[in-house]
Amino acid sequence: MNHDSPDNEEKRLREIIITADRNASQPDRPFLAGLKTRSTRRFVEAAASNSKRSRIMAKLKRIAPRAAAASVLLAIGVAVVLLTTGGENGGLLGKTRDLIENAKAMKMKINGTVEKPVKTTVHGHMVMATGGRMRQEMSLHGQKMVMIFDLGKGEMMSLVPDQKIAFAVQLKHMPKALRDSMTLRGDQFAEIKRVLRKGGKELGTKTIDGVKAKGYRTANDSMTMEIWVDAETGMPVRMQTEMPQMGMKVMMSDIEIVEKVDPALFSLKVPKGYTVQKQPAISMKPAGVKELAELLAAWAELTGGPLPDALDPVLFATAAQEYAKKLGDSDLPLEELKKRGAVLQRASQTVSARLVGAIMLRQTNQTFHYQGKGVKLGDKATPVLWYKPKGKKKYLVMYGDLHVERVAKKDLPPKRKSAPTKSAPERAIRTRDA
Amino acid sequence: MEGHRWPSRKGPVVDEATDKIAEGLRQGRRDAWSSLYDLYAERAWREAARLLGGDRQETADVVQEVFMAAAESAGRFDATRGTLWNWLAGIVRNKVAVRFRRNATRISAARRWWDRMNDMSGQWLAGRRDAPDGALEAEEMATLVRCTLLEISDEHRILLVGKYIEDLSAAELASRCGSTAGAIRARLLRARQAFRKAFEARADEPEPARSKP
């Protein structure tokens with residue numbers, strides 16, 4: 001099209017564009033003066049309303065990190081998984097075991113990934129020390145969280161540095177095996193050592209971060225764990241756990257054994273300037289049907305119907321944060337915003353409290369099976385989970401309407417392939433862009 | 001806010017004064033609104049007037065809608081997504097576009113007028129002949145230009161209007177947009193290309209599909 005010079009083309013476009021200005025009226029100043037008064041009044045009214053809105057939003061923003069704190073449970077889940085790793089093989093990793101057995105503390109990088117249904121990553125650093133103490137500095141959806149565990153004392157604290165909020169949580173009903181491994185022997189690394197003693201399947205040799213490393217793998221029904229150690233020194237180079245049922249991988253790298261660690265890192269004293277929010281105690285007891293029903297009902301209330309794709313803390317943290325963000329961007333009236341904020345808060349607390357029990361049940365009871373993905377709350381025909389309580393003959397099967405039936409093993413429903421569903425909250429929220 | 005596309009911010013904030021206004025709006029301060037209004041009310045009027053045409057009453061109605069809507073959402077203004085003027089100009093564009101949609105007859109008439117010029121219009125746009133007699137003075141031409149200005153991005157419209165209607169230099173536009181003169185020249189080139197492409201598409205659009213802007 002361009003057959004003339006750029007200058008000519010620009011001149012022609014200028015001639016064309018300025019036609020829009022022809023006959024355009026000049027500003028009507030008296031009108032604009034009146035409009036200033038009217039629009040100022042509107043601005044002041046809107047500002048008052050926005051101020052209330054801001055307070056509610058600030059509250060919602062506090063709920064989202066609380067949900068994110070559920071990612072802490074991921075770490076607990078990993079610890080529990082390590083506990084339940086089975087098998088007894090020869091000690092192929094003597095040097096590594098010696099190194100860890102003599103260590104007072106370990107530092108490492110953690111990268112966790114949940115693949116399904118939406119890829120979510122958690123990354124950060126972790127310091128573990130004897131006596132069941134652990135400090136994690138993690139980032140989830142750009143929100144920094146510091147989590148300090150003292151499993152010996154059964155206490156945990158989450159800090160949100162951006163908002164100067166501290167969440168103090170008591171861990172109740174910790175299983176004896178877990179407590180023993182953390183406290184009686186004073187040994188944070190008991191489970192890693194146990195895996196090392198078992199040895200596991202040799203994976204051969206490969207170079208990791210410039211180090212020639214030998215790999216070993218152990219597995220049970222719900223997870224696999226790989227440990228790669230320096231072929232010469234026995235120093236762990238990388239540890240990776242994978243839980244296909246949860247679509248989750250946790251990789252620990254840049255592992256360092258340290259002689260001294262600052263005890264202040266594990267202090268449960270609230271830092272200066274932080275506001276403390278006491279949270280309901282988290283029970284580490286494996287959930288029963290009542291707790292599982294509460295968990296599913298609260299999650300479905302938040303998402304507006306469908307049951308969760310998996311009983312996974314990161315999935316819940318993602319859903320809660322997305323929901324809080326959608327609320328913030330919405331054009332909902334104040335009253336509705338308050339109502340939905342209260343739903344989020346209530347659901348968030350219930351799910352956080354009950355999720356641990358569900359994870360503990362799954363990890364300690366191999367008969368547990370969940371298949372609630374895509375099922376609507378209230379669906380009385382579709383079984384969503386089942387398990388056989390220890391010491392009982394029959395299975396408990398829970399349906400979409402949360403009623404429970406006792407059935408023999410031969411009468412268990414078939415495991416089904418899950419229907420696709422959205423992970424994000426489905427509740428319709430009109431956004432401001434509408 | 002107001003459903004318009006926020007232009008991406010590619011430079012520093014225009015100046016400290018507008019930064020302060022933006023902060024004041026977020027805090028709900030009356031004086032910030034007053035400053036915003038004093039700074040942009042007449043400019044918003046001119047923007048609306050040139051996009052709408054000559055109807056003074058319609059311009060007043062649109063300007064009123066613009067500032068009432070802006071007053072509602074000013075507390076949520078996000079400076080990371082664009083300048084204050086880009087935000088306000090986006091609201092003007094949306095309000096004018098709503099009116100344009102209601103006035104399909106005027107756009108159809110302009111399109112037919114363009115068709116009647118046969119090859120002359122195309123040759124003129126391609127630089128192979130001068131403007132057909134009376135083309136630049138015709139109200140239909142102004143209508144097609146307004147339609148096109150409503151169709152291109154806020155950023156391109158603001159640049160083209162600033163350069164060719166308000167007669168600002170590249171340096172002045174750079175200061176207004178928080179950019180550099182060199183970058184403005186490059187963006188102006190893209191804005192002209194976007195305008196020409198949209199204008200040709202609008203003018204040559206078959207009759208049944210002409211439901212926008």
Checklist entry - Of the residues B:LEU160, B:LEU125, which is out of contact with any strand residue (DSSP E or B) (no Cβ under 6 Å at 6 or more places or on another chain), within 11 Å of another protein chain (Cβ to nearest Cβ) and within 21 Å of B:SER108 (Cα to Cα)? => result B:LEU125
Checklist entry - If you go through region A:375-402 one residue at a time, how many are under 16 Å from A:ALA310 (Cα atoms), assigned to a strand (DSSP E or B) and β-branched (Val, Ile, Thr)? => result 1
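Let's see how each residue does on (1) out of contact with any Lys or Arg (no Cβ under 9 Å at 6 or more places or on another chain); (2) more than 7 Å from chain B (Cβ to nearest Cβ); (3) at pLDDT 80 or above; (4) not in a helix (DSSP H, G or I):
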{"residue": "A:ASP7", "(1), (2), (3), (4)": "yes, yes, no, no"}
{"residue": "A:PHE43", "(1), (2), (3), (4)": "no, no, yes, no"}
{"residue": "A:ALA67", "(1), (2), (3), (4)": "yes, yes, no, no"}
{"residue": "A:LEU73", "(1), (2), (3), (4)": "yes, yes, no, no"}
{"residue": "A:GLY90", "(1), (2), (3), (4)": "no, yes, no, yes"}
Checklist entry - Among B:GLN57, B:GLN64, which is at pLDDT 95 or above and either within 13 Å of another protein chain (Cβ to nearest Cβ) or part of a loop (DSSP other than H, G, I, E, B) (or both)? => result B:GLN64
Next on the checklist: Anything in region B:128-137 that is facing chain A (nearest Cβ under 8 Å) and among the aliphatic types (A, V, I, L, M)? List them, or say none.
Outcome noted: B:ALA131, B:LEU136
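Condition (residue is at pLDDT 70 or above and either part of a loop (DSSP other than H, G, I, E, B) or acidic (Asp, Glu) (or both)) applied to region A:184-200: is it met by at least one residue?
Let us first name the residues in region A:184-200 that are at pLDDT 70 or above, namely none.
No, that holds for no residue.
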Checklist outcome for this item: Of the residues in region B:191-205, those that are more than 10 Å from chain A (Cβ to nearest Cβ) and closer than 12 Å to B:LEU149 by Cβ come to B:ALA194, B:ALA198, B:ARG202
Checklist entry - Which members of region A:130-152 meet the condition of being out of contact with any His (no Cβ under 9 Å at 6 or more places or on another chain) and at pLDDT 80 or above? => result A:ARG133, A:MET134, A:LYS144, A:MET145, A:VAL146, A:MET147, A:ILE148, A:PHE149, A:ASP150
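Can you find even one residue in region B:85-107 that is outside any helix (DSSP H, G or I) and either buried (at least 19 other Cβ atoms within 10 Å of the Cβ) or within 12 Å of chain A (Cβ to nearest Cβ) (or both)? Write out each step before concluding.
Restricting attention to region B:85-107, the residues satisfying the condition of being outside any helix (DSSP H, G or I) are B:102-103.
Remaining after also requiring either buried (at least 19 other Cβ atoms within 10 Å of the Cβ) or within 12 Å of chain A (Cβ to nearest Cβ) (or both): none.
There is no residue in region B:85-107 that is outside any helix (DSSP H, G or I) and either buried (at least 19 other Cβ atoms within 10 Å of the Cβ) or within 12 Å of chain A (Cβ to nearest Cβ) (or both).
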Checklist entry - How many of the residues making up region A:9-41 are in a helix (DSSP H, G or I), at the interface with another protein chain (Cβ under 7 Å from one of its Cβ atoms) and of a type outside the set (Phe, Trp, Tyr)? => result 17
Next on the checklist: Looking at A:GLN363, A:GLN371, A:GLN349, can you tell me which residue is surrounded by fewer than 18 Cβ atoms within 10 Å (Cβ to Cβ) and at pLDDT below 95?
Outcome noted: A:GLN349
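So that you can scan it fast, the table gives a plain yes or no per residue for (1) surrounded by fewer than 18 Cβ atoms within 10 Å (Cβ to Cβ); (2) touching a residue at least 24 places away in the same chain (Cβ under 8 Å):
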position	(1), (2)
B:THR18	no, yes
B:GLY24	no, no
B:SER34	yes, no
B:ASP38	yes, no
B:ALA44	no, yes
B:GLY53	no, yes
B:ARG56	yes, no
B:ASP61	yes, no
Checklist entry - Does any residue in region B:117-141 that is in a helix (DSSP H, G or I) come within less than 6 Å, Cβ to Cβ, of a residue that is modelled with pLDDT of 80 or more and aliphatic (A, V, I, L, M) six or more places away or on a different chain, and which pairs are these? => result B:TRP124/B:ALA131; B:GLU140/B:ALA110; B:MET141/B:ALA135
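In the list B:ALA174, B:ALA186, B:ALA198, B:ALA203, which residue meets the criterion of being at pLDDT 90 or above and buried (at least 19 other Cβ atoms within 10 Å of the Cβ)? Spell out how you get there, then give the answer.
Details: B:ALA174 fails: at pLDDT 90 or above; B:ALA186 fails: buried (at least 19 other Cβ atoms within 10 Å of the Cβ); B:ALA203 fails: at pLDDT 90 or above.
Of B:ALA174, B:ALA186, B:ALA198, B:ALA203, the one residue that is at pLDDT 90 or above and buried (at least 19 other Cβ atoms within 10 Å of the Cβ) is B:ALA198.
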Checklist entry - Do you know which of the residues in region B:26-40 that are more than 7 Å from every other protein chain (Cβ to nearest Cβ) and assigned to a helix (DSSP H, G or I) is farthest from A:LEU35 (Cα to Cα)? => result B:ARG26
Checklist entry - So, of the residues in region A:261-313 that are outside any loop (DSSP other than H, G, I, E, B) and touching an Asp or Glu at 6+ places or on another chain (Cβ under 7 Å), which turns out to be modelled with the highest pLDDT? => result A:PHE266
Next on the checklist: Looking only at region A:331-372, count every residue that is free of Cβ contacts under 8 Å to residues at least 24 places away in the same chain and assigned to a loop (DSSP other than H, G, I, E, B) and tell me the total.
Outcome noted: 2
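Looking at the structure I just gave you, is B:ARG43 more than 25 Å from A:SER54 (Cβ to Cβ) and more than 8 Å from chain A (Cβ to nearest Cβ)? Step through it out loud before you land on a result.
Numbers: more than 25 Å from A:SER54 (Cβ to Cβ): yes; more than 8 Å from chain A (Cβ to nearest Cβ): yes.
The answer is yes for B:ARG43.
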Checklist outcome for this item: Of the residues in region A:381-403, those that are exposed (fewer than 15 other Cβ atoms within 10 Å of the Cβ) and under 18 Å from A:TRP299 (Cβ atoms) come to A:HIS403
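The values are calculated or read from the model by the stated rules, or taken from the named source; none is laboratory data. This structure is a prediction, so every number in the text was calculated from the model and none was measured. All Cβ positions, even for glycine, are placed from backbone atoms using ideal geometry, and neighbour counts span all protein chains on display.
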